[in-house]
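The structure appears right after this line, and notes come after that.
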Amino acid sequence: MSETIRVRFAPSPTGSLHIGGARTALFNWLFAKRYGGSYILRIEDTDEVRSTPETVDQILDSLSWLGLNWDEGPTVSEDGSVDLIGSGDFGPYHQMAPERREHYEKFAEQLLEEGKAYRCWCTMEELALRRAAAGPEARGYDGFCRKLSDDAIKANGEKPYSIRFAMPKEGATSVEDVIHGNVSFENSLLQDLVIQKTTGGPTYNFACVVDDHLMGITHVIRGDDHLSNTPSQVQMFQAFGWKVPKFGHLSMIHGPDGKKLSKRHGAASAAEYRELGYLPETVRNYLALLGWSNSQSQQIFAEGELEKSFSIEGIQKSPARFDQEKLLWMNGEYLRKKTPEQLLAFAKPFLDKADFEYTDEAILPLILMEHDKFHLLTDIPKRLDFFFRDVEYDEKSTNKVLKKEGVDAILEAIEPVLAGLNEWTEPKLEETIRAFAVEKDLKMGKVFHPIRVSVSGRTDGPTLFGMLEFLGKDRVIARIQDARKRFCGAAA
RNA sequence: GGCGCGUUCGUCUAGCGGCCUAGGACGCCGCCCUCUCAAGGCGGAGAUCACGGGUUCAAAUCCCGUACGCGCCA
């Protein structure tokens, strides 16, 4: 029997989209694309204290940026406003919605009636007290209220209670995991989890089970950190007589030190990588390669190729460390595939933030000139700034090149040569400056480098003659004169 | 502490009993190209496949144990 695959990504809006969350979303998305299923987005906002509308917006924004568009879930309208009820046949797509909360209450009540769950009046204090009394061996809930007599229950009357799931204590629960294979857990170790808090709200594990069932989820693909919760969830599915979905637990992403990736390691959210100047396709491609590969160890995937080659078999069980170096290399690869026009469009937000004015017509040929050198979108304003504003001289560069014996004389001598040029073009400039070096019996570098640093302020940059052409005669000569005064001790 | 998961070059990985004197990619090193910086081309170093036992004619690949790491619960 071939049922239609339905997967979901279910973030809690308590922070921006973490890079690990982005990968979980990506793998769900890829899974749906590859096996012809639906990818659902569900917001798990049961944490009333920490969930905020702003973080919902951020998460949706990051997902959209990465191109991980959902088939069902919250909707974002033209003006950017978010509707959490969303569109699709299984909504609302967030757990705080009244309709959803009614479901959780109804199903908790059902378990209560069927004797598969029970009311628990234990307070935190009582729990702590009994745990202390039981000694260090004691673990989890002691089942106090599960054993309560009818009279005792009546005696509790209207006092607030939580609802606990009555976990079976015999046998074992097997989790069917498409990545790890079958994993088995002893039931005696499973806790009688609270499914409804004293406040009336559902707990994470319960809401998750109810929603996964109601939304027809066939494969639950999530992080390895949930593997240990899974047998409890499986038990709940079974208590309702619901079909248990298949699971797929993805390994974690670690920082370079092997510890869980966090802000401590630098950028940890998708939004940060966007701001650093990474392309969405880079982040997508790189994240896919963390824990997945095809048999050819292919590195770069063209548009649409990833979702075609993706397969469950290629998913790695072990955790992966996040390698910033490789990400940077990959971004360079993707940047080089872009046309100057595309690069300009992508770089716009960064150019507009830069401290200079530019026009598209002026900057386009410069982007072309430097095309192969960018690793980040932020490199575009960084490498091109001196074409549009005054030179900022790099101290190392001026020390190394301009503050040298004989440099002033060379620059002084080249000035009239450049001033006398009536054809200010790249080939003509090259011909003239080379001829100058030959005539003066100087090595090419002896002439090229001082000019380069004088006009750009640094040793690295675009091809010299192209740069001179774009700068124009007046600015070149003015900058050479200025540099001589400032660094070569030339008379003012 | 209990349970669970994991372990191939520094890093991401290929490998699913003989093709492995372990392949690719990032990074690193060298050379070439060259007006700098990149990019590109070529080459190199780098993994006793965590360790110890089995099974087998043959194991990175199968089984068992140990160690270490991580996760969940407490």
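Derivation of every value follows stated rules applied to the coordinates shown; laboratory data play no part. Owing to the predicted nature of the structure, the values given are computational and were not obtained by experimental measurement. Quick reminder, even Gly has a Cβ in these numbers, built from the backbone with ideal geometry, and neighbours come from all protein chains shown.
Long-range amide H contacts for A:H375: which residues qualify at under 5 Å (H placed 1.01 Å from N, peptide plane, sequence gap of 5 or more or a different chain)?
Sorted by chain and number, the residues that satisfy this come to none at all.
Given H placed on each backbone N at 1.01 Å, which residues far from A:R6 in sequence or on other chains put an amide H within less than 5 Å of it?
Distant-sequence amide H within range of A:R6: A:S38, A:T218, A:H219.
Roughly what % of DSSP beta bridges within chain A run antiparallel, to the nearest 5?
Antiparallel bridges: around 55 percent, rounded to the nearest 5.
Take every Cα pair under 8 Å in the range A:359-459 that's 6+ residues apart, average their separations, divide by the length, and report that relative contact order as a whole percent. Please list the in-between numbers first.
Details: 48 pairs, mean separation 39.0, N = 101.
Relative contact order here is 39 percent.
Only Cα pairs under 8 Å and at least 6 apart count here; give the relative contact order of the range A:31-94 as a rounded whole percent. Working shown, then result.
Details: 70 pairs, mean separation 20.5, N = 64.
Relative contact order comes out at 32 percent.
Can you list residues whose amide H is under 5 Å from A:L250's amide H, if they're 5+ apart or on another chain and H is modeled 1.01 Å from N?
A:R222, A:G223, A:D224
Distance between the C-alpha centers of the range A:3-74 and the range A:235-255? Whole Å please.
Cα centroid of the range A:3-74 versus Cα centroid of the range A:235-255: 17 Å apart.
How about A:K246: which lysines have a C-alpha closer than 20 Å to its C-alpha, ignoring those fewer than 8 places off in the same chain?
In chain and number order, the partners are A:K33, A:K317.
With contacts defined as alpha carbon pairs under 8 Å and 6 or more residues apart, what's the relative contact order of chain A in percent?
12 percent
What percent of all Cα-Cα pairs in the range A:272-349 falls in each 5 Å bin, counting up from 0?
All Cα pairs considered, the percentages come to 3, 13, 25, 23, 18, 10, 5, 2, 0.
Roughly how large, in nm² to one decimal, is the mean projection of the convex hull of the alpha-carbon atoms in the range A:116-205? Display every interim value, and only then the final one.
Values: hull surface 30.7 nm².
Dividing the Cα hull surface by four gives the mean projection, 7.7 nm².
What's the Cα-based Rg to Rh of the range A:14-90, Rh via Kirkwood? Can you show the working numbers first?
On the way: Rg = 12.4 Å, Rh = 13.1 Å.
On the Cα set of the range A:14-90, Rg over Rh gives 0.95.
Ordered by packing density, taken as the mean number of other Cβ atoms within 10 Å over each peptide's residues, highest first, how do A:111-121, A:417-427 rank? Intermediate values should be presented prior to the final figure.
On the way: A:111-121: 17.0, A:417-427: 12.3.
By packing density, highest mean first, the sequence is A:111-121, A:417-427.
Excluding same-chain residues fewer than 8 positions from A:K197, which lysines have a Cα within less than 16 Å of its Cα?
A:K106, A:K159
For chain A, what is the Kirkwood hydrodynamic radius in Å, using each pair of distinct C-alpha atoms? Don't skip to the end; give the middle numbers.
Details: mean 1/r = 0.0365 Å⁻¹.
This gives a value of 27.4 Å.
So how many Å³ per residue does the convex hull of the Cα atoms of the range A:1-155 work out to? Before the final figure, lay out the partial values.
Numbers: hull volume 31.4 nm³, N = 155.
Dividing the Cα hull volume of the range A:1-155 by its residues yields 203 Å³.
Report, ordered by chain and residue number, the lysines lying within cross-link reach of A:K404, taken as a straight Cα distance under 19 Å and ignoring same-chain residues fewer than 8 apart.
A:K404 reaches A:K396, A:K440, A:K443, A:K446, A:K485.
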